[in-house]
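Undergrad: Just passing along the structure, written as structure tokens.
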Amino acid sequence: MASSNVLGLDIGGANLKAATPDKRAVSFPFALWKQPDRLPAALAELVGRFPDSDELAVTMTGELCDCYETKRQGVHAILDAAEFAAAGRPVRVWGTGGEFVDVPTARRDTLTVAAANWHALATFAGRFAPHHGGMLIDIGSTTTDLIPLNHGIPSTYGQTDWGRLQMRELVYAGVRRTPVFAVYTDRVCAELFATMADVYVVLGLMPEDPTDAGTANGRPLTVEHSFTRLARVVGADREELDDDHLVHFATQVHGRLLDRLAEAARAAYYDAQRPPELRAVVVSGAGEFLARQVAERAFSGAPVERTVSLNDDLGPAVSACAPAYAVAVLAAERRP
């Protein structure tokens, strides 16, 4: 590896993530759609936490935020912010062509760099599945990426968010921010009363975080408050429904998401023309616990020889910033 001074940035619509090839990683919430004008300062603060960095490797998904009229406008705004944060350092941007481009090229070919973080992560993950077929299942706070790997090379069946949604390689559901009513639609209130974070805190699959007030009602992410929020989804409150009933409901919601993602994973892999025999699965992200279950459900009959956990291999903090780490490593390996 040529250098550990590359800083990878993954600039999303809800979170900003940074990582270095030597496995330092930072992630913090940033509601880009609410405060696009603050992005340059927020990125500069993030980059400032890595004073030894001498180059930025950038990937993004935030261009889809509805504060921008078009993806092109969003890409340009994010590139402006990245250059501001770079403060004179070189900036390279990952594209779905499988290579880094400079900022002027990224400005010209916006759709090749828009939402390309999945491709960077899949390119990195390919080293764990260099032979036969592989599958990357990365579940984050908001979305799930289901990327077939052909002898270590990521699928290019869907290039844009629109195309990837059609191919089932992108599912807009994750383990934190997704509204419960978007997963479980039967006899519930279609209001933002609770999110999947409440489901997984109640089920004990994610830890409580009393400091996290980024919930549906702004109250802390604790079991007690999650019970209250989940009761609202079914049109009730804690005086009407006991804990056992709400745990049962949370279990049903989890089951619906698991079924949905497993079905999408099978479609993403097997709908490709003559895919190679599946031998390895790579799981990562804040929802890696769910990714493991998806792999088991979707590919129970496949001759999977190896399941690689990026949480185990890289550590949970880096795995949660996996696309940022991926572009950092790829940039360090491909320095001019």
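Undergrad: Using 0.36 nm per residue of separation minus the Cα-Cα distance, give me the extension gain between ARG238 and ARG297 in nm, one decimal. The partial results should precede the final answer.
TA: Details: separation 59, 0.36 × 59 = 21.24 nm, distance 3.34 nm.
17.9 nm is the gain from fully extending ARG238 to ARG297.
Undergrad: Under 13 Å from the Cα of LYS23, which aspartates and glutamates turn up, not counting those fewer than eight places away in the same chain?
TA: ASP312, ASP313
Undergrad: I would also like to ask the following. Multiplying the sequence separation of ASP22 and ARG49 by 0.36 nm and subtracting their Cα-Cα distance, what value in nm do you get?
TA: Values: separation 27, 0.36 × 27 = 9.72 nm, distance 1.45 nm.
Computed gain between ASP22 and ARG49 is 8.3 nm.
Undergrad: Rank-order 119-132, 48-61 by packing density, defined as the average count of other C-beta atoms within 10 Å over each peptide's residues, highest first.
TA: On the way: 119-132: 22.0, 48-61: 19.6.
Descending packing order for the listed peptides: 119-132, 48-61.
Undergrad: Using the Kyte-Doolittle scale, which helices in the chain average at least -0.5 and also have C-alpha atoms spread 27 Å or more along the helix axis, with helices defined as whole DSSP H runs? The partial results should precede the final answer.
TA: Details: long enough: 243-270 (40 Å, -0.25).
For the chain, where a helix must reach 27 Å along its axis and average at least -0.5, the hits are 243-270.
Undergrad: If you count the DSSP beta bridges with both ends in the chain, what percent of them are antiparallel, to the nearest 5?
TA: Numbers: 26 of 45 bridges.
The antiparallel proportion sits near 60 percent.
Undergrad: Could you give the nm distance between label points at HIS131 and ILE153, where each point is 7 Å from its Cα heading toward the beta carbon?
TA: Once both label points are built, they end up 1.9 nm from each other.
Undergrad: Okay, moving on. Tell me which lysines have Cα within less than 19 Å of LYS34's Cα, excluding those fewer than 8 residues away on the same chain?
TA: Partners found: LYS17, LYS71.
Undergrad: Quote the charge dipole size of the chain about the Cα centre in Debye, to the nearest 20; the model charges only the Cβ of Lys and Arg (+1) and of Asp and Glu (-1).
TA: With Lys and Arg at +1 and Asp and Glu at -1, about 760 debye.
Undergrad: Do the sum for the chain: with -39,500 (n - 2.57) for every DSSP H run of n ≥ 4, divided by all residues, what is the mean residue ellipticity at 222 nm, to the nearest 500 deg cm²/dmol? Mind dumping the intermediate values first?
TA: On the way: 14 runs with 134 residues, N = 336.
One gets -11500 deg cm²/dmol as the mean residue ellipticity at 222 nm.
Undergrad: Quick one: dipole size for region 191-336, taken about the Cα centre, charges +1 on Lys/Arg Cβ and -1 on Asp/Glu Cβ, in debye to the nearest 20. Walk me through the numbers on the way to the answer.
TA: Values: 14 positive and 22 negative charges, 169 e Å.
Dipole of region 191-336, to the nearest 20 debye: 820 debye.
All of the numbers you see were taken from the coordinates with simple rules; none came from a lab. As the structure is a prediction and not an experimental result, all values here were calculated from the model. All Cβ positions, even for glycine, are placed from backbone atoms using ideal geometry, and neighbour counts span all protein chains on display.
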